[in-house]
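Chemist: Sharing a structure with you now.
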Amino acid sequence: MRAYCPPPAYAQAVLRIIDVRTGEPVEAAPARRGLTRVQAHASGLDATALRVLLVSDLLVRALELGGTPVWSLLTGDRQQAELRAAAGALGIRPFEDGTDLGSGLGEAQVLHVMAASAETGGAGLVSEAAGGGPVSEATGGGPVSEMTEGGPVSEMTEGGPVSEATERVPVSEATEGVPVSEATAGTPASETTGRAVVAVAPVESPTAAAPDLSDPGALRLALLSQPRDLPIRLDEEALGEARRTLAQWRGAVADWARRPSRPVPDEVRVELRTAWEDDLNVPEVLRVLHRVETWPDLPDGARFETYAYADRLLGLELTRDIGSLA
């Protein structure tokens, strides 16, 4: 790990997330820590739907770590019971039913999390953030509506691609030009303040079968390994690498726990928070953990506290094997 200069005093956490409608970052937490609604739109039991729910779960965890109250909901029209069961196996926190939002709690910010689909060569989105309406499928239902009142997404960024704002390949390019679906289903523009749309790229799988949940920790880590706006291939190689990393980290954490505890180094804490507050950059969080694992002269007790702290966001049960070593 590189040498660090003393970090500045850590300011109040501000999670910023890219709104795919504009390509611009918005604050996920409203002013004065008012309620934020995280609404996942997923239908059917597949890896892409689980990735949508996982991103939603990370948003909830990150907001709660920053002291923001969160209301999480799930909207969908197919296999909801199966999807919720699979999400539970992955350590995703339970969602409330989002089909009826008539009893809203006056939230100050709404984050819609949805998936794009490449299953039909870029024919549409898996779901629409339709203010609680039914989730439409990418393979039917007519043409995909636009977020810009009928205009292309590029008009929202003055002709530039979304990637100029994110410095990564946008979901629309990753799915052969899929346009972005409407997030507010006819809600007047004057009423959309405090809303943002978080897009999740599809998961490519060698088979069409439901995801293998026999090793949920490895599946969760594999889905966390790439930025959410880039497609990810979920094959045996990816799962095997995640399985090995997870076993190594859990074993190391169990060993470090036998040493006297030490605080998380300030510079490491700043680096972790900066990563996940910057558009939920979880892959960078994982890279920080890889560096901490072999950082020379760092007490093992500090390594333990660092991994335990980061796991409040990651949800990988990194402390699960404590006490299992002889």
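Chemist: For the range 74-96, name all the residues that are in a strand (DSSP E or B) and either farther than 11 Å from HIS41 by Cα or of a type in the set (Phe, Trp, Tyr) (or both).
Modeler: Scanning the range 74-96 gives a single hit, GLU96.
Chemist: Could you list, in sequence order, the residues of the range 174-206 that are surrounded by fewer than 19 Cβ atoms within 10 Å (Cβ to Cβ), under 24 Å from PRO227 (Cβ atoms) and either at pLDDT below 50 or out of contact with any helix residue (DSSP H, G or I) (no Cβ under 9 Å at 6 or more places or on another chain) (or both)?
Modeler: Of everything in the range 174-206, those that are surrounded by fewer than 19 Cβ atoms within 10 Å (Cβ to Cβ), under 24 Å from PRO227 (Cβ atoms) and either at pLDDT below 50 or out of contact with any helix residue (DSSP H, G or I) (no Cβ under 9 Å at 6 or more places or on another chain) (or both) turn out to be GLU176, GLY177.
Chemist: Out of (1) surrounded by 16 or more Cβ atoms within 10 Å (Cβ to Cβ); (2) farther than 23 Å from ALA308 by Cα; (3) touching a strand residue (DSSP E or B) at 6+ places or on another chain (Cβ under 6 Å), the odd one out for ARG233 is which?
Modeler: Of everything listed in (1) surrounded by 16 or more Cβ atoms within 10 Å (Cβ to Cβ); (2) farther than 23 Å from ALA308 by Cα; (3) touching a strand residue (DSSP E or B) at 6+ places or on another chain (Cβ under 6 Å), ARG233 misses just condition (1).
Chemist: Right, something else. Scan the range 59-79 for residues that are over 15 Å from HIS112 (Cβ atoms) and among the hydrophobic types (A, V, I, L, M, F, W, C) and jot them down.
Modeler: Across the range 59-79, the qualifying residues are ALA62, LEU65.
Chemist: Tell me, yes or no, whether the range 263-276 has at least one residue that is part of a helix (DSSP H, G or I), surrounded by fewer than 18 Cβ atoms within 10 Å (Cβ to Cβ) and within 18 Å of the chain's Cα centre (by Cα).
Modeler: Yes, because at least one residue in the range 263-276 is part of a helix (DSSP H, G or I), surrounded by fewer than 18 Cβ atoms within 10 Å (Cβ to Cβ) and within 18 Å of the chain's Cα centre (by Cα).
Chemist: From the list LEU246, LEU286, LEU313, pick out the single residue that is within 24 Å of VAL60 (Cα to Cα), surrounded by fewer than 20 Cβ atoms within 10 Å (Cβ to Cβ), touching a residue at least 60 places away in the same chain (Cβ under 8 Å) and hydrophobic (A, V, I, L, M, F, W, C).
Modeler: The match here is LEU286.
Chemist: Being under 26 Å from PRO94 (Cβ atoms) and not in a helix (DSSP H, G or I) is the filter here, so list the residues in the range 279-326 that pass it.
Modeler: Correct list: ASP279, LEU280, ASN281, GLY315, LEU316, GLU317, LEU318, THR319, ARG320, ASP321, ILE322.
The values are calculated or read from the model by the stated rules, or taken from the named source; none is laboratory data. Bear in mind that the values here come from a model prediction, so they are computed numbers and not experimental data. As a convention, Cβ positions derive from the backbone with ideal geometry for all residues, glycine included, and neighbour counts pool all protein chains shown.
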